[in-house]
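Encoded as structure tokens, the structure appears first; notes follow it.
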Amino acid sequence: MSFWDKNMKALEHRDHDLYQDILEQVDQVLPKQYELVTEQARDGSDILGIVQEGRKIMLNSTYKPEEEAIKFAGKIQLKDNSITVLFGLGNGKIVTEVAKKLNEEAKLLIYEPCQELYFYVMEHFDLSEILEDKRISIFVEGIDDGMLSSSISFLMTNVTVGVSVLEAHPKYKDIFPEQYDKIKRIFNFFCKRK
């Protein structure tokens, strides 16, 4: 079974509406904005890169991406019932490590600002465990990005929240600055209302 099929099966099982939205979007031919690449890090694991303005930017460590992901997750201070908004899905390595720190009541909301990158990752990396995890929700620009505000608002209004954290996947703020500013405004708006 391909990564795409495995990931879509996991998504269909967990969130049938999003699954349908993605099926509708994937068939639309969008102009290609980025060249996306999968390469091998020195430790042999697959890593994700994006070519922007003729420059290749790797979204993982080119040496030891798993160690980088553990280090990144380690800097996030979480408590019971935490809400973490992560700007950027990447290839899922960092998400997997952050998820290991979540307790059962915590929520991880991921905003992927690039539909093209999301589809590429769904095709080239195994995200099935992330997609099946009920503590994790992924919102993709142009597919269901409006739902992120609603989810943050609901969680911060109706759930006793321990800590709210906004983090960005390494290099995402540099590649997608306008989208990051948008998410930061939304996050700060709801934090102030708490």
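Values for this structure:
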| item | result |
| --- | --- |
| Protein accessible area in the chain, 1.4 Å probe - carbon and sulfur % | 47 |
| Table column - 3J(HN,Hα) (Hz), the range 36-50, Karplus curve with 6.51, -1.76, 1.60, x for Gly and Pro | 10, 9, 10, 10, 9, 6, 4, 7, x, 7, 6, 10, 10, x, 9 |
| C-alpha long axis of helix 16-26 to longest principal axis of the chain, angle in ° | 40 |
| Most mobile of 26, 95, 140 in a GNM of the chain (Cα contacts under 10 Å) | 26 |
| Listed residues 8, 90, 151: farthest to the positive end of the dipole of the chain (Cβ charges) | 151 |
| Gyration tensor verdict on the range 11-100 (Cα atoms; rounded if a/c is under 1.5, prolate if a/b is larger than b/c, oblate otherwise) | oblate |
| Relative contact order for the chain, counting Cα pairs under 8 Å that sit 6 or more residues apart, in percent | 24 |
| Cα radius of gyration and Dmax for the chain (Å) | 16.1, 46 |
| Under 5 Å, built H, 5+ apart or other chain: amide partners of residue 60 | 48 |
| Amide hydrogen neighbours beyond the local backbone of residue 105, cut-off 5 Å, H modeled | 81 |
| Where the range 1-73 is the region considered: accessible area per residue in Å², 1.4 Å probe | 66 |
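The values are calculated or read from the model by the stated rules, or taken from the named source; none is laboratory data. Quick caveat, the model's predicted, so the values are computed rather than measured. Cβ: placed from backbone, ideal geometry, glycine included. Neighbour counts: every protein chain shown. Just so you know, the surface numbers come from the protein's heavy atoms only, side chains and all, with ligands and any DNA or RNA stripped out. Shrake-Rupley method; radii C 1.70, N 1.55, O 1.52, S 1.80 Å.
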